Amino acid sequence: MSELQKLQQHEIPSGRQVLRENYSKLHKVADYCENNYMQATDKRKALEETMAYSAQSLASVAYQISNLASNVLQMLDQHATELHQVEANVCCIAQMVDVHKEKVARREIGTLTVCKRPPHYQKIIYPTYQEPLEAYYRKPLNFSILDNVGHGIKVRINPSSVMREALVQWVVIGIDSVAYIAGKTNCTGGIPG
């Protein structure tokens with residue numbers, strides 16, 4: 001027999017029965033104290049006896065109520081434990097159902113897929129002899145290749161006039177450079193020119 005059944009079937013009903021019996025006993029004690037006080041010649045002694053009976057009976061009732069309350073609390077704790085266990089079982093079953101649903105859904109998705117076979121290609125056969133690679137050498141850039149391209153008009157250029165203009169520009173640039181350098185050295189206090 002489990003502790004919960006023991007509490008529900010024996011201890012709590014017996015505690016309630018004891019409280020009912022004490023109820024009738026308290027009425028008898030109250031009647032006795034009232035009659036004793038009325039018939040007593042020494043009222044002070046009768047009052048002290050009544051106070052002692054009432055204190056003892058109240059302590060007894062408080063003790064029995066405390067026992068019954070602790071039994072009820074134990075029963076509620078047992079119920080809470082059982083409810084937590086049932087909740088854990090329900091959560092476990094719910095997780096198992098979710099896993100099963102996911103497996104079924106994946107299986108159905110799998111039935112919708114098509115088995116795709118890779119195309120058959122010929123195997124690559126590497127040559128037995130490889131030609132040696134040519135050695136790399138740097139070719140100089142020719143910047144004049146695209147000189148006649150760009151505006152769509154072809155102009156004949158006399159090579160002698162081009163050479164003459166280039167020579168004139170070179171001389172002008174040289175003279176300007178020399179003049180500039182000479183001016184710099186005079187300003188800075190260097191070698192006089």
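Return the sequence-ordered ³J(HN,Hα) values of the stretch 121-138 in whole Hz as given by the Karplus equation 6.51 cos²θ - 1.76 cosθ + 1.60 applied to θ = phi - 60°, using x for Gly and Pro.
10, 6, 5, 7, 10, 7, x, 6, 10, 9, 6, x, 6, 6, 6, 7, 9, 8
Quick check on the exposure proxy: order Cys115, Cys33, Cys92 from fewest to most C-beta atoms within 10 angstrom.
Working: Cys115 4, Cys33 19, Cys92 10.
Fewest to most other Cβ atoms nearby, the residues stand as Cys115, Cys92, Cys33.
Using Cβ contacts closer than 10 Å as the measure, can you line up Leu26, Leu133 from fewest to most? Show your work: numbers first, answer last.
Values: Leu26 16, Leu133 6.
Sorted ascending by nearby Cβ count, the order is Leu133, Leu26.
Coordinate-derived values only; no laboratory data. Remember, predicted model here, so these are calculated numbers, not experimental data. With ideal geometry, Cβ positions are generated from the backbone for all residues, glycine too; neighbour counts draw on all protein chains shown.
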